[in-house]
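The values are calculated or read from the model by the stated rules, or taken from the named source; none is laboratory data. All of these numbers come straight from a predicted model, not from anything done at the bench. Here the Cβ is made from the backbone with ideal geometry for all residues, glycine too, and neighbour counts use every protein chain on show. Heads up: the accessible areas ignore ligands, DNA and RNA and are worked out on the full protein's heavy atoms, side chains in. Shrake-Rupley method; radii C 1.70, N 1.55, O 1.52, S 1.80 Å.
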Amino acid sequence: MQWISLKDKLPDDNLIVLITDGISVGISSCETDYSQEPPQRYISEEGYYIGNSPLTEVPHWMPLPEPPAE
């Protein structure tokens, strides 16, 4: 799997994805804020993080891998 730039594509809404800033890695999802016009899509700041702290800027994401067969 390859990291995908947010400049190229956002994940589908509510899809759990891996995110990184190049130092830390986290698990989060993409959400849509319908209170804005036009609606704005963003990576949620809520999530689990491995590394220094919650990511302040998330330039890349990738889908979670398939779980093991056994």
Q: Can you run down the residue pairs with Cβ atoms below 8 Å, 6 or more apart or on separate chains, where the first is in the stretch 1-27 and part of a loop (DSSP other than H, G, I, E, B) and open to solvent by 100 Å² or more (accessible area, probe 1.4 Å) and the partner is of a type in the set (A, V, I, L, M, F, W, C) and at pLDDT 85 or above?
A: Met1/Met62; Gln2/Met62; Trp3/Trp61; Trp3/Met62
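Might you check whether a residue that is among the acidic types (Asp, Glu), modelled with pLDDT of 80 or more, in a loop (DSSP other than H, G, I, E, B) and open to solvent by 40 Å² or more (accessible area, probe 1.4 Å) occurs anywhere in the stretch 40-63?
no
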